[in-house]
1. Is there a residue in the range A:138-147 that is out of contact with any His (no Cβ under 7 Å at 6 or more places or on another chain), at pLDDT 95 or above, at positive phi and open to solvent by 10 Å² or more (accessible area, probe 1.4 Å)?
2. State all residues of the range B:371-382 that are open to solvent by 10 Å² or more (accessible area, probe 1.4 Å) and in a helix (DSSP H, G or I); if no residue qualifies, say none.
3. If you scan the range B:191-216, which residues turn out to be in a helix (DSSP H, G or I) and open to solvent by less than 10 Å² (accessible area, probe 1.4 Å)?
4. Go through the range C:234-246 and count every residue that is part of a helix (DSSP H, G or I) and either within 21 Å of C:PHE50 (Cα to Cα) or in contact with a Leu (Cβ under 8 Å, 6 or more places away or on another chain) (or both).
5. Can you pull out every residue in the range B:9-40 that is within 8 Å of chain D (Cβ to nearest Cβ), within 27 Å of the chain's Cα centre (by Cα) and surrounded by fewer than 20 Cβ atoms within 10 Å (Cβ to Cβ)?
6. Find the residue count for the range C:317-337, including only residues that are more than 8 Å from chain D (Cβ to nearest Cβ), touching a strand residue (DSSP E or B) at 6+ places or on another chain (Cβ under 6 Å) and in contact (Cβ under 8 Å) with a residue 24 or more places away in the chain.
7. Would you confirm whether or not the range D:359-370 contains a residue that is buried (at least 19 other Cβ atoms within 10 Å of the Cβ), facing chain C (nearest Cβ under 7 Å), in contact with a strand residue (DSSP E or B) (Cβ under 6 Å, 6 or more places away or on another chain) and not basic (Lys, Arg)?
8. Look at C:ASP231 and say whether it is in a helix (DSSP H, G or I), touching a Lys or Arg at 6+ places or on another chain (Cβ under 9 Å), within 14 Å of another protein chain (Cβ to nearest Cβ) and surrounded by fewer than 20 Cβ atoms within 10 Å (Cβ to Cβ).
There are 4 protein chains.
Amino acid sequence: MAGIRGLFIPGPTNVPERVRRAMDVPMEDQRAPDLPDFTLPLFQDLKRIFQTQEGQVFLFPSSGTGGWEAAITNTLSPGDKVLAARFGQFSHLWIDLCQRHGLEVEIVDAEWGEGVPVEIYAEKLKADRDHKIKAVLACQNETATGVTSDIAGVRRALDEAKHPALLFVDGVSSIASIDFKMDEWGVDIAVAGSQKGFMLPPGLAILCVSPKALAMAKDAKLHRCYFDFADMIRTNKDGFFPYTPPLNLIRGLRASVDMLLEEGLEKVFARHHRLGEGVRRAVAAWNMKLCAKEKRWHSDTVSAIQLPDGFDSNALIRHAYRRYGLSLGMGLAKLNGKVFRIGHLGDLNELMVLSALGTTELVLRDQGVSIKAGSGVGAAIEHFHQTGTALAVAAE
Amino acid sequence: MAGIRGLFIPGPTNVPERVRRAMDVPMEDQRAPDLPDFTLPLFQDLKRIFQTQEGQVFLFPSSGTGGWEAAITNTLSPGDKVLAARFGQFSHLWIDLCQRHGLEVEIVDAEWGEGVPVEIYAEKLKADRDHKIKAVLACQNETATGVTSDIAGVRRALDEAKHPALLFVDGVSSIASIDFKMDEWGVDIAVAGSQKGFMLPPGLAILCVSPKALAMAKDAKLHRCYFDFADMIRTNKDGFFPYTPPLNLIRGLRASVDMLLEEGLEKVFARHHRLGEGVRRAVAAWNMKLCAKEKRWHSDTVSAIQLPDGFDSNALIRHAYRRYGLSLGMGLAKLNGKVFRIGHLGDLNELMVLSALGTTELVLRDQGVSIKAGSGVGAAIEHFHQTGTALAVAAE
Amino acid sequence: MAGIRGLFIPGPTNVPERVRRAMDVPMEDQRAPDLPDFTLPLFQDLKRIFQTQEGQVFLFPSSGTGGWEAAITNTLSPGDKVLAARFGQFSHLWIDLCQRHGLEVEIVDAEWGEGVPVEIYAEKLKADRDHKIKAVLACQNETATGVTSDIAGVRRALDEAKHPALLFVDGVSSIASIDFKMDEWGVDIAVAGSQKGFMLPPGLAILCVSPKALAMAKDAKLHRCYFDFADMIRTNKDGFFPYTPPLNLIRGLRASVDMLLEEGLEKVFARHHRLGEGVRRAVAAWNMKLCAKEKRWHSDTVSAIQLPDGFDSNALIRHAYRRYGLSLGMGLAKLNGKVFRIGHLGDLNELMVLSALGTTELVLRDQGVSIKAGSGVGAAIEHFHQTGTALAVAAE
Amino acid sequence: MAGIRGLFIPGPTNVPERVRRAMDVPMEDQRAPDLPDFTLPLFQDLKRIFQTQEGQVFLFPSSGTGGWEAAITNTLSPGDKVLAARFGQFSHLWIDLCQRHGLEVEIVDAEWGEGVPVEIYAEKLKADRDHKIKAVLACQNETATGVTSDIAGVRRALDEAKHPALLFVDGVSSIASIDFKMDEWGVDIAVAGSQKGFMLPPGLAILCVSPKALAMAKDAKLHRCYFDFADMIRTNKDGFFPYTPPLNLIRGLRASVDMLLEEGLEKVFARHHRLGEGVRRAVAAWNMKLCAKEKRWHSDTVSAIQLPDGFDSNALIRHAYRRYGLSLGMGLAKLNGKVFRIGHLGDLNELMVLSALGTTELVLRDQGVSIKAGSGVGAAIEHFHQTGTALAVAAE
């Protein structure tokens, strides 16, 4: 197939040329004497991405799932109770992982399309006078439904209940794209992955852990070795790793962190909001609906879009991929066949969003969905045009 | 600036990943014993791109301008007369080059926006009873105006006049994108460049030369050494080169020729036509005009689009580049400031064209040009949708 | 520092250009409809590397340590007994991992420089009439000491004792470089890593698991989720993965498996033996000693070389790295400061080995070690010359 | 064939990873508004490589041969007389090029293995009272024989004769590797190429031209267009080019110039001298002879080594390439079959030189040449060791 393909799934995201080049290097010795000159400042700069002073960053060679596992096995013991909301495939999977590790999960189900029900959390925490709940789990951005939750709200719920439970946040598809404030929100463990806002290939779970969570390790009885914070702490402090690290990915991480800090986190978040809103304007112009039930749940990194009845989103996605080289995200679990997702995160700009929207319109037309060609793209263009004036003045 | 940039100038074109990888190799010895196993089949396959049995292909490390120089210095002598039409910046420059090499050029001026005036050529050739005209020059695709000329028609004019002059064609922005038939059209020298339909970086002039033109060399008195066919013929026959060749570019050429032949030339040309027509539909929807004055001149590789009076195309192009990372082609020479050009050739697909059109609409809106956002993109989508059904059936 | 650096640690190894190019690709959708066309044949071909018909291959995004963890957590329960020999840093670490996961390890200590004491294993297994030992661990190649063990011998010990314990082999620094026969040797789980004989960057643990070991999963009580075989089995069978796989590494794996199979495993092993022997000839010419105490323990992938008393191998390694860009392997744990290691595995040839030996001689001279410059290189050259005749005839 | 191949021809040279990465970028617009921000400083920094204040640098998309052509066509007229020495294949070819362009060349033949015979030049220039000689040609480094000439001496000969002829220097295989002082030596045109000391792929001729030579253009009657300085001057001053430049090569040039300036030219030259001397020590240890007849002609970028009678250097080179992946330089023209050349220029270090020498020894042994394995490598190691102390102190 001729031409550049379009990757608009909610991760892995497009890897910038600069990051690709940073990774395309000959292999190197993970025990080289000058490696700490590279790794130690990187660990420091990663803290800036998490907006933390006190947290410690860990890099595990794994997917985000491994990050979830690291979070619980280093802090909890079999039978410990955790509070978690379930409102999409990824919040579901983290709960499943907890259960398989022998934790007791108090599950709060919400509709798919809503986010963490902060009010219910608040009630549960207040009711838990004995502090049986050891950790509260919250998925900041549910990738399956395109829903962003209110993490600051979860913190307020904990604080108001004066509850000592740890706060664990799945930020895999939000951190580095949507505002995330480790210290301000009192997050104890944040789990991110290389392949979303960090604009890298998959292969690294990136965690940030509070001193409070680190202190739990000594009493945490869940078995762990590969994901043990202790081995990392012991070797990372000198700039090394307990086992062979994927150094080319970490070289790439240096480049992506540089890019994020050079652009500035505020601008990165603003860019994601502006581009995400462009997609939402297009969806509205098509007279379609997002999964996200209310504006307050709208995710700036991914939109899950409901197809009209009678259309199969899997067929649409296959057609987009095979005919036009456009990768859209599938509907997962109970959304399968009913929604398609447009990932709008990472190394993204107006040109790319317009290519995704234009090609999606073409695909919708080909599939017989009733939309007016150009309507969604036009709405996004108008949004970009109208919100771009301030940017324009600054840029030229 | 975040995200993938859009390169929509009429060359250099986007280099496919496959070609990039083929070029990103360690340097090698240009006298390696196994180099001929690589070069000799490549020369053969290049002939297929020119649609020739009898022609010989030459690869000069130079731009297309060097290819023009090679064409004339190997065949002509100071004072020789050539017939050439001038209707754009590139047809102008080839004429200038001829003059600087001491040739007498009979110039036929046409309006910028028209192509080779075949009828006038026919008259001139018929009138040239003494056959003073040694060569006829024709630019198949005038990149400055987006105009494609009728090369078969020029051949007919020569044949009808029973004129023995050589036929030289500038196919830099057409060959490998628009149909070109070396043998069928009796072309004596065709000049192409690496950075257009061949989807490579600049750096190679690719010529195809008929036996008749090769035979001219012995009497051609123009000085030449770097561009001498004779040195190439002597060394190429064994698979080598007279001086250090840019082997990594030639490795990339192998990949691009493979891509062209795998897709099939007919399909490559059809794809360019379909995508080019999508751009033209957008221009029409914007109520704008192409430079190309008539449908028969429409180029499938580049569209030169006239901005309404009162707008500066240079400002538009700067804005597109700086704000959105979109490269559009400038208006050249007397078209400067008045037109912008969209290159739609090489490694291109619907997704890319829609990104260019969408972003161009955004740029037009930002510049205050009166268009309806989405109108051009929508027209292109409709064109792609309606012409895509047959393709769809074949592809799935 | 000018020039190509020399990477001669026992992993990560040099990544071939072909593999680098295979990995340097834009990101792609891990749920793309055509992904199984890529992954399913790869899983099949990986079985050829393990020389197995019945085994199933797993790819975990992790280091080799993660592979060890996967092996035990999918098959064993807390308190289960395993038999393991300890004779170097890596055999030590696997034992440590088992203990941290709550297993009872019957440790057989051997001298560092020896391999698995097959005779003692045989005795222990015969003595274990109740079959308390659920698994036997064996490190095929102890990377810290450059010692290769006799895995077929361990199998014989099991068979002679008619013992049903599983046989787990750490083949991280042997598989794809030194002969390894999964089926013939009755190995139940083999753990390999991407960054050694597979010539990839770190980031993938590559396991091969026998049906017998897979059957253990249902009763295995160790907690697992990230490393659960079951999730992989469920998704791999359709060509997908349970969580985001590092697809660019897996694209590289396709290239490295192709290279291994094109060269032929027998030739790969013979090449490693020939090159490793060249290194050993050099060491002998320097009048130095290997850690490996006897010829039968000699590793074809890494040589650990003892420095004469009074010299600090860490200083030597730092000097080699800083002055000449040569990476040698450190002495680990109790060998620290006393030995340096030359890795001679992966994408390696005579030219590279001679560069390592020549530069090592230069480093030894600079450090004041008494050797004759050229002696080791000369011995290796003679070995390569004398053993090369047969190869020569075949190759030309 | 497994492993890294060894490229030790006298160009193209090994392209550093940093340069490869700089070139492996998406194509870009050669008329982009910000291009001058890149090109103008590059032109300035290139002047530092030529050690000139007054000279102007030109970048032609061509091989070095094109650079020779540019030098003469921009300054001379048909029938003009030039003085040139011939003592190797490349000095021969430049003379041939002059003749084909209609110049009258006064040829001074010297033995192959000697350099420019400065004394004879001095006589000829003194004798030329009428100043018929318009230009003096000198090849600073004859790549075919490994001979470096005394350019300062040629300048003295001109000065002593008070002769106004231009001084043209072929520095293709010397500039950026061996000291070259444009201004101090009063060179009028220096011709370099991208694929030697500039460590890039072939494809760029890099010229530096004095104001005096530039002033010749207005009376120079040789035809030129592609290689016309005037078009370059007109467009380069604003940071652009008269025709499509090979921008990815020029991006690479930025990286290589940075590398040269960061290392420092003095250190670059010293490194080449030290490494070249290592090769010469090895040749002496093998009891072989260089083509270069005296120490004063020794080239620090290439050694042409005479094989003993009865051996065919072409067979040796083929064997080295096919069996070991080592590329050595052929003997050219009358040296064919008799010599092989080791290129030791560009991105080179001790480790690489030792790999070339070690593998060459292996090849010599395989071919039956009587040398002691390790002797040459040992001699080079001793040289590097003994001359490295001062460097060592500085580096650590």
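The values are calculated or read from the model by the stated rules, or taken from the named source; none is laboratory data. All figures in this text were calculated on a predicted structure; none of them were measured in a lab. Here the Cβ positions follow ideal geometry from the backbone for every residue, glycine too, while neighbour counts run over all protein chains shown. Protein only, heavy atoms only, side chains kept; ligands, DNA and RNA dropped before computing areas. Shrake-Rupley method; radii C 1.70, N 1.55, O 1.52, S 1.80 Å.
1. no
2. Selection gives B:SER375, B:ALA379, B:GLU382.
3. B:ALA213
4. 1
5. none
6. Summing the residues that are more than 8 Å from chain D (Cβ to nearest Cβ), touching a strand residue (DSSP E or B) at 6+ places or on another chain (Cβ under 6 Å) and in contact (Cβ under 8 Å) with a residue 24 or more places away in the chain in the range C:317-337 gives 5.
7. Yes; the residues of the range D:359-370 include at least one that is buried (at least 19 other Cβ atoms within 10 Å of the Cβ), facing chain C (nearest Cβ under 7 Å), in contact with a strand residue (DSSP E or B) (Cβ under 6 Å, 6 or more places away or on another chain) and not basic (Lys, Arg).
8. no
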